[in-house]
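K.L.:
If you scroll down you'll find the structure; I have some questions about it.
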Amino acid sequence: MMVLFTFSSKFTLSQNLPTDNQTLADAKKAIKTATVVKAEFTGDWKMEKESGYTFANLAKRPVKMQVKDNTTGKERRFEGLAIYERGAPSDKWMFSRYFTFTNSIEIIGQQADTGLLKSLTLEAMRNNPAEWLGDISGIYWVYPITLVPGSFRQSSEKEMSWQVTVQMDRRWDNIYLVHREKTIGVTAYLKMDGKTWTLDPGNDGEREISRKEMKTSQLDKMPTIGSKGFDKLYGQGSANPQ
C-alpha cells in the first residue's frame with residue numbers, strides 16, 4: 001500500500017530536492033514528440049513512501065505544459081507530474097519520468113461544431129434514453145438539449161468531450177410533477193472506422209426548477225418515455241396533465 005506524505009517547505013529543502021530550473025528542464029526533456037512552448041509549476045513537492053521502504057523514496061511535483069507537435073504543428077496543453085526517485089535516504093534524487101494526466105490533455109484552438117455535438121448527443125440519447133436520463137418510466141417530457149458554452153475539449157483526433165443540459169418534466173415522490181434540469185458530461189471516442197463515435201455519458205449535476213402537486217392517479221395516466229418512446233415525448237412542447 002502506497003502512503004502519501006506532504007511536507008513543509010522547511011522539511012522539503014532539507015531533502016536536497018532538484019532546483020526549480022532542473023525540474024523544469026527534466027520535465028521538458030521527457031517530451032519526445034513535441035517542442036515545449038511553456039512549462040510552469042502548479043503545486044509544491046509531494047513525497048511518497050512505497051511499500052518495502054522505510055523512507056520517502058519518491059518525490060513528485062506538478063508541472064503544466066503547453067507543447068507544439070513536431071509532426072502536425074498542433075499545440076496542446078496538459079498537466080502532469082515530474083517524478084524523481086532515490087534508493088536510500090542519502091542518495092541523490094534521480095529523474096524517473098514525467099507522468100501526464102490524460103484527462104487534462106487539450107488541443108489548443110479546436111472549435112466546437114455545435115450542430116455535430118448536439119446531433120451526436122441526441123442520437124445516443126434516442127438509442128438509449130435510460131442510460132442518459134435515468135428511470136424513463138417516470139419521465140413525461142424531454143426538452144431540446146443545449147450545449148454548455150465553453151465545455152468542448154478535444155484531447156486528440158480520437159477523443160473529445162463536452163457538456164449538455166437537458167430539462168425534463170417527470171414524476172417525483174408519486175405526488176409531484178417536477179421540472180428539472182440535468183447536466184450531462186459527454187466523452188466521445190472515435191471508432192476504428194474513423195467515422196463514427198461512441199459516446200459515454202456522465203451525470204454532472206441536476207437541479208429542480210419547479211414542481212406541481214398532483215394526484216397519483218393523474219400522474220399514472222400521463223404518457224412517459226417508457227411507454228411512448230423518446231421521439232414521441234421530445235421537443236419544444238411539454239407534459240400535458242390529463
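K.L.:
If the Cβ limit is 7 Å and pairs must be 6+ apart or interchain, which residue in the stretch 214-238 that is within 23 Å of Glu123 (Cβ to Cβ) and aliphatic (A, V, I, L, M) pairs with which residue that is part of a loop (DSSP other than H, G, I, E, B) and modelled with pLDDT under 95?
P.N.:
Nothing qualifies.
K.L.:
If the requirement is being part of a strand (DSSP E or B), closer than 30 Å to Gly73 by Cβ and not polar (S, T, N, Q), which of these qualifies: Leu199, Leu177?
P.N.:
On the way: Leu177 fails: closer than 30 Å to Gly73 by Cβ.
After applying the criteria, what remains is Leu199.
K.L.:
Still on this structure: Could you tell me whether Trp132 is surrounded by 14 or more Cβ atoms within 10 Å (Cβ to Cβ) and under 28 Å from Glu213 (Cβ atoms)? So that I can check it myself, show each step before the final result.
P.N.:
Details: surrounded by 14 or more Cβ atoms within 10 Å (Cβ to Cβ): yes; under 28 Å from Glu213 (Cβ atoms): yes.
Yes, satisfied.
K.L.:
Now, a different point. Are any of the residues in the stretch 115-126 within 30 Å of Ser217 (Cα to Cα) and more than 21 Å from the chain's Cα centre (by Cα)? First the steps, then the outcome.
P.N.:
Here is the first cut: in the stretch 115-126, the ones within 30 Å of Ser217 (Cα to Cα) are 125-126.
So of that shortlist, the ones also more than 21 Å from the chain's Cα centre (by Cα) come out as 126.
Checked against the condition, which is being within 30 Å of Ser217 (Cα to Cα) and more than 21 Å from the chain's Cα centre (by Cα), the stretch 115-126 yields at least one hit.
K.L.:
Exactly one condition in (1) touching a residue at least 24 places away in the same chain (Cβ under 8 Å); (2) loosely packed, with under 13 Cβ neighbours inside 10 Å; (3) assigned by TED's automatic domain parsing to the domain that holds Gln218 is not met by Thr102; state its number.
P.N.:
Result: Thr102 passes all but (3).
K.L.:
Which one of these does Glu159 not meet: (1) touching a helix residue (DSSP H, G or I) at 6+ places or on another chain (Cβ under 7 Å); (2) free of Cβ contacts under 8 Å to residues at least 60 places away in the same chain?
P.N.:
(1)
The values are calculated or read from the model by the stated rules, or taken from the named source; none is laboratory data. Only a predicted model underlies this, so the values are computations on that prediction, with no experimental measurement involved. No Cβ is skipped: glycine too gets one built from the backbone with ideal geometry, and neighbour counts run over all protein chains shown.
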